[in-house]
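Notes for the one structure printed next.
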Amino acid sequence: KLTGMRNEVVRTDHFTIINDTYKSNPASAAAALQTLYTLPGSRQKIAVLGDMQDMGEQAVSLHEELGSLADAEQLDYLFTFGPLSEHTARSALKRMNAGHVFHYTNKQEMVRHIKTILKQDALIWIKASRALKLEDVVSSLLKDQVLKAG
């Protein structure tokens, strides 16, 4: 059985969240994006990526590298959160339109924005290191939603 907040699938009547907010590193974040790209059955794909902690002197370049994996043909929106993830967003802007990449420093503002663009049957993958506590974003998105079994 998986530990909570590791690829935890949460379905509602309106959208699905993959809560992957327990840990993040370059390999797992890249794998999350690639998996999100290949998952069928959603009308909209949204990635919410937070900082990858404990990356040392390579932190900035590793976040930029992650942003370079953003693919406008396979991802509708990219939201980033945390000071290092600003580099992810900037790098993603080389491959995605500015109206589809957003960086936030306030979780509730980010959630409000996500709710304004969210379509029926959207898939939202939320990935970050534990210190960012992006499970708060999961909880806020789920507030007032009807959950489905499974």
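General observations
- The portion of the accessible surface of the chain made up by carbon and sulfur, rounded to a whole percent, is 48 (1.4 Å probe; DNA, RNA and ligands excluded).
- If R0 is 22 Å, the Cβ-Cβ spacing of Lys143 and Leu39 corresponds to a FRET efficiency of close to 0.35.
- Note on segment 70-115 and segment 118-140: Cα centroid distance 13 Å, given to the nearest whole angstrom.
- Averaging the sequence gap over all C-alpha pairs within less than 8 Å and six or more residues apart, then dividing by the number of residues, gives segment 14-150 a relative contact order of 39 percent.
- Summarising the amide proton neighbourhood of Ser24: residues at separation of 5 or more, or on other chains, whose placed amide H is nearer than 5 Å comprise Gln53, Ser129, Arg130.
- Mean-square fluctuations from a GNM of the chain, with a 10 angstrom spring cutoff on Cα atoms, peak among Pro26, Pro83, Pro40 at Pro40.
- Among Thr116, Thr21, Thr35, the residue with the largest mean-square fluctuation in a Gaussian network model of the chain, with springs joining Cα atoms closer than 10 Å, is Thr116.
- Eligible aspartates and glutamates near Lys148 by straight Cα distance, threshold 13 Å, same-chain separation 8 or greater: Asp13, Asp121
- Taking every lysine pair in segment 1-121 that is 8 or more places apart or spans two chains, those with Cα atoms closer than 27 Å amount to 15.
- Net charge contributed by nearby residues that have their C-beta within less than 13 Å of Ile117 (K/R +1, D/E -1): +4
- Separation in nanometres of the label points that stand 7 Å from Cα toward Cβ, at Asn97 and Ala27: 3.7 nm
- Restricting segment 1-82 to GluC sites (Glu not before Pro) that sit in a DSSP loop and have at most 10 other Cβ atoms within 10 Å of their own Cβ leaves Glu73.
- Taking a straight line from the alpha carbon of Lys133, these aspartates and glutamates sit under 20 Å away, with near neighbours fewer than eight places off in the same chain left out: Glu8, Asp20, Asp51, Asp54, Glu86, Glu109.
- Net length gained if the chain between Lys119 and Gln74 were fully extended (0.36 nm per residue, minus Cα distance): 14.6 nm
The values are calculated or read from the model by the stated rules, or taken from the named source; none is laboratory data. Owing to the predicted nature of the structure, the values given are computational and were not obtained by experimental measurement. Cβ atoms come from the backbone with ideal geometry, glycine included; neighbour counts cover every protein chain shown. Ligands, DNA and RNA are excluded from the accessible area calculation, which covers all protein heavy atoms including side chains. Shrake-Rupley method; radii C 1.70, N 1.55, O 1.52, S 1.80 Å.
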